[in-house]
1. For the list (1) touching a residue at least 40 places away in the same chain (Cβ under 8 Å); (2) surrounded by fewer than 17 Cβ atoms within 10 Å (Cβ to Cβ); (3) farther than 22 Å from W156 by Cα; (4) among the aliphatic types (A, V, I, L, M), I need the number of the one condition that L333 fails.
2. Does V177 fit the bill of being farther than 17 Å from T13 by Cα, in a helix (DSSP H, G or I), in the same structural domain as T37 (by TED's automatic domain parsing) and within 16 Å of the ligand (Cβ to nearest atom)?
3. Show me the helices (runs of 4 or more DSSP H) found entirely inside the stretch 182-267 where at least 1 residues are within 26 Å of P390 (Cβ to Cβ) and of a type outside the set (S, T, Y).
4. What about L289, is it within 16 Å of the ligand (Cβ to nearest atom), of a type outside the set (D, E) and not in a helix (DSSP H, G or I)?
5. Check whether at least one residue in the stretch 393-400 is in a loop (DSSP other than H, G, I, E, B), touching a Leu at 6+ places or on another chain (Cβ under 9 Å), in contact (Cβ under 8 Å) with a residue 24 or more places away in the chain and not small (G, A, S), and report yes or no.
Amino acid sequence: MSTATVAGVTVDTRHWIGGQRVASAETFDSVSPIDGTVIAQVSRGGRAEADAAVAAAKAAFPAWAKLSPQERGAILHKVADNIEAHIEELAQLETHDNGSLLRSHRRGVMPRVVMNIRYFADYAMNDLKHPEFETRGHTNHVTWDPSGVAVIITPWNAPLMLATWRIGPALASGDTVVLKPPEWAPLTASYFAQLAHEAGLPAGVFNVVQGFGVEAGAPLTENPDVSRICFTGSVPTAKVVARAAAENLIPCSFELGGKSPTVILDDADLDLAVELAIEQYDNAGQVCLAGTRLLVQKGIAEAFAAKFAERAAQIKQGDPRDEETQIGPNIHLKHVERVTGFIDRAKADGATIAYGGEVNTALGTHYIKPTLVIDAPVGSEILTQEVFGPVLTMQTFDTDEEGLALANGTEFGLAACVVSGNRERAEAFTKFLVAGTIWVNCFFVRDLSAPFGGSKRSGIGREGGLWSFDFYADVKNTVFAPNGWK
Ligand code: NAD
């Protein structure tokens, strides 16, 4: 089968290479986390398809790179317009494929996908410049040149949003792209290829290789014709990608996992603190930025815990297509096993499950109940490793210094949320927090012009605004002498 029809949307499930649909001999199943049914059979790529995609992107590069930012921008705006016209189809596909909420896809995620293309196209057209400056009468002229073929590898928790957040700046830079989407949620990438093609994106400028990481992803990272690798995923996979990239010294951007803290200081507005803590269950906890470690100052810990438990009991878990649902399923049975394995080991380590801690079997096999783990021993796995499910932990602390030490006490440094009623105290606290993004009295406010990335094991590099172009483009300085002109 080379197509699938999901919720009335027909998508071609073959690779997209050099402006053609290309099939592999084998396919793999895409299973919907909503009810465990197979919704598509997708081409299972390997080295041959990966090499063909890089070759197609390399062949398309000179013509795409030669266009001015305005010419590229005009095409990218048409791509964005076509995505905007198909938000409903993309939302349906993504929800059926990865189980995230349909209303979030319709109103938040897919409009943001459109912005990912428009914003970076506009940035390249209007803002990608640096004032010329003098060195002993010589003039320095800085430019951002296209670098070549960018390989983009993405995870399943927000597939199209995370892909276009890189496709946008890569294409706007003048690079051509090969995307390897996640095998657990591959469909929107294929649909995006179709929409971009219809909008006039030239053949070979954007390519999709479907398949498993070790089969389709690894050969992309080993190809010497690649100029950039952008990888979003887990720390163990990033280490494999980094080793492959090192062989050809290909620059990498890594956006990886987290174990972020939500720090609640004792002068916090309790209602706000509870709402921000509850938000950490969003997308069934499958959010890299989630502040899954609730760190609560002792003076308010009891009051917070009582209110939080009351509020958590009201969370409506169910079918992600239902407007009322607040938490849907987890992505895959293997992932459900991984998350429940963490919960079981936490219990074995001596922690207490305050609520949740099991699959909500009334809903099916993929729906892990929102869970809170308390009294976990210091240093135990549940307090230090990324679970990537609806599992929060709660710890308490006495002084701000202790809170800070706890907050910084993992190998990750992706994000942090701090809740406090005092601006100066909050500022003092954030000053020594190690994280790429910190929210104070808010969560998940993200601007495309802001730097985004992780500290420590949570990543290498920053993207967003100019930071994106600094990665995808070759930044060049040309020095003009004052003399020698005829
Ligand atoms: P993963 O590392 O298992 O897979 C990510 C991607 O890499 C997939 O497309 C996979 O097929 C591919 N891959 C696997 N092995 C590969 C190899 N050897 N060579 C090349 N590619 C390979 O991660 P996942 O389980 O899909 O995603 C969850 C992880 O992603 C979590 O750790 C989460 O925190 C992280 N994440 C980070 C961000 C961020 O912006 N920092 C955003 C979302 C998710």
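The values are calculated or read from the model by the stated rules, or taken from the named source; none is laboratory data. Only a predicted model underlies this, so the values are computations on that prediction, with no experimental measurement involved. All Cβ positions, glycine included, derive from the backbone under ideal geometry; neighbour counts span all protein chains shown.
1. (3)
2. Considered against the rule, which asks whether it is farther than 17 Å from T13 by Cα, in a helix (DSSP H, G or I), in the same structural domain as T37 (by TED's automatic domain parsing) and within 16 Å of the ligand (Cβ to nearest atom), V177 comes out as no.
3. Output list reads 187-198, 235-247.
4. yes
5. Scanning the stretch 393-400 turns up no residue that is in a loop (DSSP other than H, G, I, E, B), touching a Leu at 6+ places or on another chain (Cβ under 9 Å), in contact (Cβ under 8 Å) with a residue 24 or more places away in the chain and not small (G, A, S).
Quick grid of which residues meet (1) within 14 Å of the ligand (Cβ to nearest atom); (2) modelled with pLDDT under 95; (3) crowded, with 24+ Cβ neighbours inside 10 Å; (4) closer than 30 Å to G484 by Cα:
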residue: V114; (1), (2), (3), (4): no, no, no, no
residue: R118; (1), (2), (3), (4): no, no, no, no
residue: A121; (1), (2), (3), (4): no, no, yes, no
residue: T143; (1), (2), (3), (4): no, no, no, yes
residue: M161; (1), (2), (3), (4): yes, no, no, no
residue: P181; (1), (2), (3), (4): yes, no, yes, no
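Yes/no per residue for (1) surrounded by 20 or more Cβ atoms within 10 Å (Cβ to Cβ); (2) more than 30 Å from Q92 (Cα to Cα); (3) more than 12 Å from the ligand (Cβ to nearest atom):
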residue	(1), (2), (3)
E132	no, yes, yes
N140	no, yes, yes
T154	yes, no, no
P169	yes, no, yes
A185	yes, no, no
A199	no, no, yes
V209	yes, no, no
G217	yes, no, no
L249	no, yes, yes
